[in-house]
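A.B. asks: Would you mind keeping the following structure in view while I ask a few things?
The values are calculated or read from the model by the stated rules, or taken from the named source; none is laboratory data. Note that the structure is predicted; figures quoted are calculated from it, not measured. Virtual Cβ from ideal backbone geometry, glycine too; neighbours counted across all protein chains shown. Only protein heavy atoms, including side chains, enter the accessible area calculation; ligands, DNA and RNA are left aside. Shrake-Rupley method; radii C 1.70, N 1.55, O 1.52, S 1.80 Å.
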Amino acid sequence: METNAANTAAPVASALERRLDLSVPIAELEQEVDRRLLRLGKNMKLPGFRPGKVPASIVRQQYGHQARLDALQEALGRLFGEAVSAQKLRVAGTPKIEANNSGSTTHMDFSATFEVYPEVTLSDLAGVEVERPVLEVGVEEIDSTLEILRKQRVRYEPVDRAAALADRVTIDFLGKKDGEPFAGGQGKDYRFVLGEGKMLSDFENAVIGTRAGEAKSFDMTFPDEYFSKDLAGQSVTFDIVLKEVCEPVLPELDGDFARALGVENGDLTQMRAEIEANLRREVKKRLQGRITAQVMDVLLQANPLHVPEALVQREVERLMQAARQDMEQRGMQVKDLPMRPEWFTDQARRRVSIGLILSEIVRVNDLQAQPAQVKELVEEAAQSYDNPPEVVRWYYAKAERLNDFEGAAIEANVVEWVLQRVTVRDKPVAFAELMGQQA
């Protein structure tokens, strides 16, 4: 069946939007419909008729509308594909095809509106400066990590003294506003550690210095930015009864502690060596993440793009789905939680822009992932498991399991390509800050 399209894809509302006018001859469409109905009729079964002998009028009555839709859809799809191929257009998303009321008695006219991928022209990066965070893992960092591991395994023992910072306390409390209890202002046998920030600082300060068995009343004012609007900036009174004070007891750095960390023979030297190896991998990962984020910012600033809204919306859906899955894994009831697309739009637009820029850099500079790079990343990731060779074999058992590593290798290639073209200044970063540890 012959179809016709306009010679050029005309710009429409935005820089990336295009329109093609499509025209389908009615006579040829009807011929295609007849051919489809004829094929259907040969196989159609209907009570009272032998197979393939159902009258054409009945076949048309039952299947004529669908046959016409299918024939028209196929014709428009073929025409659209040929037109964008001839004009070398890279279509982003699905075209929106609408009928035009041209009044023609010989043709059915349509308009296909769609977006195209932007042309990415890479900018010169000369004069751009990037700060590369650097950190060497040494004894101090290993000792700091050991302290964190000890604190994660802390136990608490009751003491007969006033509560102090780092103690775990158990209290009953009742809050009143204008003499009346307020919602969420009471608790029984409530436990928290002083200094961890679980309670407001004014509340914790009032508990500090109190002994088990003592009762106390105090006034405090909620911060203006408190999440509850009914309490933000309001003065209230709390009555508390301190029921227990427990002080923290950290485990000793001995064989039992080493075994708790998975070192079966309890050897402390081996324990430190394993912590150091894991720490070096984690520090390397975080340093790479920071420099990568800077490089992506540089590329976005140097190569501003109009991005197809179709791709942005697709990425929004992907991000929303990932968020739902994350919430479900945390045990949350996703169906009861509101989730709006606009929450993810900025992130989606950034990701689409970066993806387009990176694709062009990779294409122009031949920065595809190399097998040796992928293997190195897989082997490095496997080191955090008990049986690294088995983990490596698992990843290589199916090609799709390597996708994330291939993506990481490509990203690393792009980062290195950018760093070779900008001014790089090393900047030491504090261990606690890099690891996100609170002071």
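A.B. asks: Loop-only GluC sites (Glu not before Pro) in the stretch 180-232, please: DSSP not H, G, I, E or B, and at most 16 other Cβ atoms within 10 Å.
C.D. replies: Listed in order of number, the matching sites are E196, E214, E225.
A.B. asks: A further question on this structure: For the chain, give the percent of accessible area contributed by carbon and sulfur heavy atoms, probe 1.4 Å, rounded to a whole number.
C.D. replies: With neighbouring chains kept in place, the figure for the chain is 49 percent.
A.B. asks: Ok, one more. Against the longest alpha carbon principal axis of the chain, how many degrees, from 0 to 90 and to the nearest 10, is the axis of helix 268-302 turned?
C.D. replies: For 268-302 against the chain, the angle is about 50 degrees.
A.B. asks: For T105, T113, give the ranking by accessible area with the largest first, probe 1.4 Å.
C.D. replies: Ranked list, largest accessible area first: T105, T113.
A.B. asks: Where the centroid of each part is defined by its Cα atoms, how far is the stretch 350-421 from the stretch 250-323 in Å?
C.D. replies: 15 Å
A.B. asks: Is the shape of the stretch 154-288 best called rounded, prolate or oblate, per the rule: a/c under 1.5 gives rounded, else a/b larger than b/c gives prolate, else oblate, with a ≥ b ≥ c the square roots of the Cα gyration tensor eigenvalues?
C.D. replies: Oblate, since a/c reaches 1.5 and b/c is not below a/b.
A.B. asks: So how tilted is helix 139-152 from the main axis of the chain? Cα-based, degrees 0 to 90, rounded to 10.
C.D. replies: 90 degrees
A.B. asks: Too long at a 24 Å Cα-Cα cut-off: which of K285/K335; K229/K335; K285/K375?
C.D. replies: K285/K335; K229/K335
A.B. asks: Using heavy-atom solvent-accessible surface (probe 1.4 Å) with all chains present, what is the largest-first order of D167, D366?
C.D. replies: These residues rank, largest area first, as D366, D167.
A.B. asks: With every protein chain kept in the model, how would you rank R281, R286, R36, R351 by accessible area, 1.4 Å probe, largest at the top?
C.D. replies: Largest to smallest exposure gives the sequence R351, R286, R281, R36.
A.B. asks: Just to verify a number: what accessible area does M332 come out at with the full protein assembly present, 1.4 Å probe, Å² rounded to tens?
C.D. replies: 80 Å²
A.B. asks: Something else: Please report the accessible area of I208 (heavy atoms, 1.4 Å probe, ligands and nucleic acids excluded) in Å², nearest 10.
C.D. replies: Accessible area of I208: about 60 Å².
A.B. asks: Then there's this: Keeping all protein chains in position, work out how much accessible area Y396 exposes to a 1.4 Å probe, and write it in Å² to the nearest 10.
C.D. replies: 100 Å²
A.B. asks: Among (i) 33.6, 99; (ii) 21.3, 72; (iii) 20.7, 62, which one is Rg and Dmax of the Cα atoms in Å computed from these coordinates?
C.D. replies: Working out Rg and Dmax of the Cα atoms in Å from the coordinates points to (i).
A.B. asks: Here is a follow-up. What accessible area per residue, rounded to a whole number of Å², is obtained for the chain using a probe radius of 1.4 Å?
C.D. replies: 62 Å²
A.B. asks: According to the square roots a ≥ b ≥ c of the eigenvalues of the Cα gyration tensor, what is the shape class of the stretch 215-341, taking rounded for a/c under 1.5, prolate for a/b larger than b/c otherwise, and oblate for the remainder?
C.D. replies: In terms of gyration-tensor shape, oblate.
A.B. asks: For the stretch 393-439, what does the alpha-carbon gyration tensor say about shape, rounded, prolate or oblate, given a ≥ b ≥ c as the root eigenvalues, a/c under 1.5 as rounded, and a/b over b/c as prolate?
C.D. replies: Oblate, since a/c reaches 1.5 and b/c is not below a/b.
A.B. asks: With the chain treated as a Gaussian network of Cα nodes joined by springs under 10 Å, which of A369, A408, A397 yields the largest mean-square fluctuation?
C.D. replies: Ranking A369, A408, A397 by mean-square fluctuation puts A397 first.
A.B. asks: Right, next: For a quick check: with amide H placed at 1.01 Å from N, whose amide H comes under 5 Å from A92's, ignoring anything fewer than 5 positions away on the same chain?
C.D. replies: When sequence neighbours closer than 5 places are left aside, the close amide H contacts are E115, V116, Y117.
A.B. asks: Give the angle, between 0 and 90 degrees and rounded to the nearest 10, that separates the Cα long axis of helix 56-86 from the longest principal axis of the Cα atoms of the chain.
C.D. replies: 70 degrees
A.B. asks: Enumerate the aspartates and glutamates that K427 could reach by cross-link, defined here as Cα to Cα under 16 Å, with residues fewer than 8 away along the same chain left out.
C.D. replies: Those aspartates and glutamates meeting the cut-off are E129, E131, E136.
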